[in-house]
Structure formats: structure tokens, C-alpha cells
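Q: Let me give you the structure first, and then I'll get to my questions.
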Amino acid sequence: MNEDISEQLATQARIEHMAHFDALTGLPTRSLFLDRLSQAIALSKRASEHIALLFLDLDRFKPVNDTYGHAVGDLLLKAVAERLLACVRESDTVARIAGDEFTVILHQIADRASAAHAAEKIVKSLSEPFMLGQHRIQIGVSIGIALYPGDSQNEQELVKLADTAMYDAKNQSRNTYRFYSSV
């Protein structure tokens, strides 16, 4: 009987993990990211602190899948996740929200320059070639940045604004970052 309960609890834990963490990269999924963003905003509001939300889309990812196949594309996504984690603090959140889209929540940022510094570090890291087996793969990243509380105090709106800024970066030159601007 105890084994049945233990087995059920283990199964439940596996199901919850699969719902909240990406099976490929091990990063939080969209649902866990949104929960963490909501918590970050609540904590920042109480402490009168600022956060930055970075919305990332990989540049030239589709040709990797088309040229080398999805297995290499999957290896690339795993390697991107590792590099992203190495670019931010342990207290920050990196999530894979879809395909080749990632988000980063930077907690307790001092100012806009702190967010820019983190974005520059990510752009530089992801611009370095990836060696995946015998394949040398070069990609880039377009990053949109929205700031709390300056741009929005609502998590859904903050995501939308960071996404808008990311498309601005992608349309302007790729492999760069842009802050959201209402102008």
C-alpha cells in the first residue's frame, strides 16, 4: 500500500515537472515563467525595485533545422540554454517559452544600463560559434527589453512590450537588442 502511494506521488511529481520545465532544455516553460514574472513584479512592488524582462528570438535558427536536421537543432537549443544561464545571475529566471523563443527576468536591476549590459553579454555569447559534433554553427539573437515599473506594471503587458521591442530589434538589424519605446 505504501509503495502504491509512493509510486503515485512520484508520478505526480514527474507530471508537475513536465508541466513546468521544458523537456529539452530543462528551463522553465511559459506557464512557470508567467508565474515567476508575476512573483517578481509583486516582490519588486513591495521593495520598490526594478526588473527587466528580456524577450529573445534566435536569429538564423530555422536554417539550422533545415540544413542539419532537428536533432542538431535540439542540440543547439540545449547549448543556447546553457549559455543563457551562464550570462545571468542565479537569482534571475531564464525560460524557453516556444520553439526558439526565450525570456529572461532580471531581478533587482539598478537601472536601464544594467539591463543593457545583460543584453550585450547575451548577444556576445550567442554570437560565438557553437560546435555541435562536426558542425560549426553561427546564429545570433534579437532581444527586446521592457522594464518594470517604467514601461508597465502588468505582467501580460510587460511581455507584450518586450515582444514588440524584440521585433523592432529583428527588423532593424538582428543580433542586437532594443528597449521598448512608446514613441
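The values are calculated or read from the model by the stated rules, or taken from the named source; none is laboratory data. Computed from a prediction, not measured in an experiment: that's the story for all the values here. Using ideal geometry, Cβ is built from the backbone for each residue, glycine included, and neighbour counts are taken over all protein chains shown. Heavy atoms of the whole protein, side chains included, go into the accessibility calculation; ligands, DNA and RNA do not. Shrake-Rupley method; radii C 1.70, N 1.55, O 1.52, S 1.80 Å.
Q: How high is the relative contact order of the chain, given as a whole-number percent (alpha carbon pairs under 8 Å, six or more residues apart)? Intermediate values should be presented prior to the final figure.
A: Values: 297 pairs, mean separation 44.0, N = 183.
Answer for the chain is 24 percent.
Q: Moving to a separate point now. Counting Lys and Arg as +1 and Asp and Glu as -1, what is the net charge of the other residues whose Cβ lies under 13 Å from the Cβ of residue 154? It would help to have the intermediate numbers written out before the result.
A: Values: positive: 45, 160; negative: 151, 155, 157.
For residues surrounding residue 154, the net value is -1.
Q: Could I ask something else about it? For a quick check of your reading of the filter: which GluC sites (Glu not before Pro) in the stretch 57-152 sit in a DSSP loop and have no more than 15 other Cβ atoms within 10 Å? Intermediate results must be reported in sequence, preceding the final value.
A: Values: sites: 82, 90, 101, 120; in loops: 90.
Taking the stretch 57-152 and a limit of 15 other Cβ atoms within 10 Å, the loop GluC sites (Glu not before Pro) found are 90.
Q: Starting from the 7 Å offset along Cα-to-Cβ, what nm value, one decimal, do you get for the label separation of residue 182 and residue 89?
A: About 2.8 nm, to one decimal.
Q: I'd like the accessible area for residue 142, computed on protein heavy atoms only with a 1.4 Å probe and all protein chains in place. Round to 10 Å², please.
A: 0
Q: Taking only DSSP H segments of four or more residues, each worth -39500 (n - 2.57), what value at 222 nm results for the chain once the sum is divided by all its residues, to the nearest 500 deg cm²/dmol? Show your work: numbers first, answer last.
A: Details: 6 runs with 96 residues, N = 183.
Helices in the chain give a 222 nm mean residue ellipticity of -17500 deg cm²/dmol.
Q: Once phi is turned into θ = phi - 60°, what whole-Hz ³J(HN,Hα) does the Karplus curve with 6.51, -1.76 and 1.60 give for every residue of the stretch 79-92, x standing for Gly and Pro?
A: Taking θ as phi minus 60°, the curve returns 5, 4, 4, 4, 5, 4, 4, 6, 8, 10, 6, 4, 6, 7 Hz for the stretch 79-92.
Q: Working with all protein chains in place, sort 131, 166 by solvent-accessible area computed with a 1.4 Å probe, largest first. If you can, show how the numbers build up before the last one.
A: On the way: 131 120, 166 0 Å².
Sorted descending by solvent-accessible area, the residues read 131, 166.
Q: What accessible area per residue comes out for the chain, rounded to a whole number of Å², with a 1.4 Å probe? Before the final figure, lay out each step's value.
A: Working: 9890 Å² over 183 residues.
On a per-residue basis, the chain sits at 54 Å².
Q: What are the ³J(HN,Hα) couplings of the stretch 129-139, residue after residue, when phi is run through the Karplus curve with 6.51, -1.76, 1.60 and θ = phi - 60°? Round to Hz, x for glycine and proline.
A: Calculated HN-Hα couplings, in order: x, 9, 9, 10, x, 8, 9, 9, 10, 10, 10 Hz.
Q: Springs between alpha-carbon pairs under 10 angstrom, Gaussian network model over the chain: which of 40, 119, 23 fluctuates most?
A: Highest fluctuation among the options: 23.
Q: Tally Lys and Arg at +1 and Asp and Glu at -1 over the other residues with C-beta under 15 Å from the C-beta of residue 135: what net charge comes out? The partial results should precede the final answer.
A: Numbers: positive: 60, 78, 136; negative: 66, 74, 128.
So the environment of residue 135 carries a net charge of 0.
Q: Given the whole protein assembly as supplied and a 1.4 Å probe, what does the accessible area of residue 48 come to in Å², nearest 10?
A: 100
Q: Under 5 Å between amide H atoms, partner at least 5 residues away or on a different chain: which partners does residue 59 have, H built in plane at 1.01 Å?
A: For residue 59, the qualifying residues are 140, 141, 142.
Q: Ok, one more. What is the local net charge at residue 76, summed over the other residues whose Cβ is closer than 15 Å to its Cβ (Lys, Arg +1; Asp, Glu -1)? Intermediate results must be reported in sequence, preceding the final value.
A: On the way: positive: 60, 62, 78, 83, 96, 136; negative: 22, 57, 59, 66, 74, 82, 100, 101, 128.
Taking every Cβ under 15 Å from that of residue 76, the sum is -3.
Q: Taking springs between alpha-carbon atoms closer than 10 angstrom, which of 66, 163, 57 fluctuates most in the Gaussian network model of the chain?
A: Its mean-square fluctuation being the largest, the pick is 66.
Q: Using semi-axes √(5λ) of the Cα gyration tensor in Å as the read-out, say which of (i) 57, 17, 16; (ii) 28, 25, 13; (iii) 39, 30, 12 was calculated from these coordinates.
A: (ii)
Q: Could you pull out every one of the lysines with an alpha carbon less than 25 Å from that of residue 62, ignoring same-chain neighbours closer than 8 positions?
A: 78, 121, 124, 160, 170
Q: With a 1.4 Å probe and every protein chain kept in, tell me what percent of the accessible surface of the chain is carbon plus sulfur. Provide the component values of the computation, followed by the final result.
A: On the way: 5000 of 9890 Å².
Here carbon and sulfur together make up 51 percent of the probe-accessible area.
Q: Working with all protein chains in place, sort 21, 102 by solvent-accessible area computed with a 1.4 Å probe, largest first.
A: On the way: 21 55, 102 0 Å².
Largest to smallest exposure gives the sequence 21, 102.
Q: Using heavy-atom solvent-accessible surface (probe 1.4 Å) with all chains present, what is the largest-first order of 83, 112? Walk me through the intermediate numbers first.
A: Details: 83 55, 112 125 Å².
So the residues, ranked largest to smallest area, are 112, 83.
Q: Continuing with this model, one more query. Over the Cα atoms of the stretch 94-183, Rg to Rh with Kirkwood Rh, two decimal places?
A: Rg divided by Rh gives 1.00.
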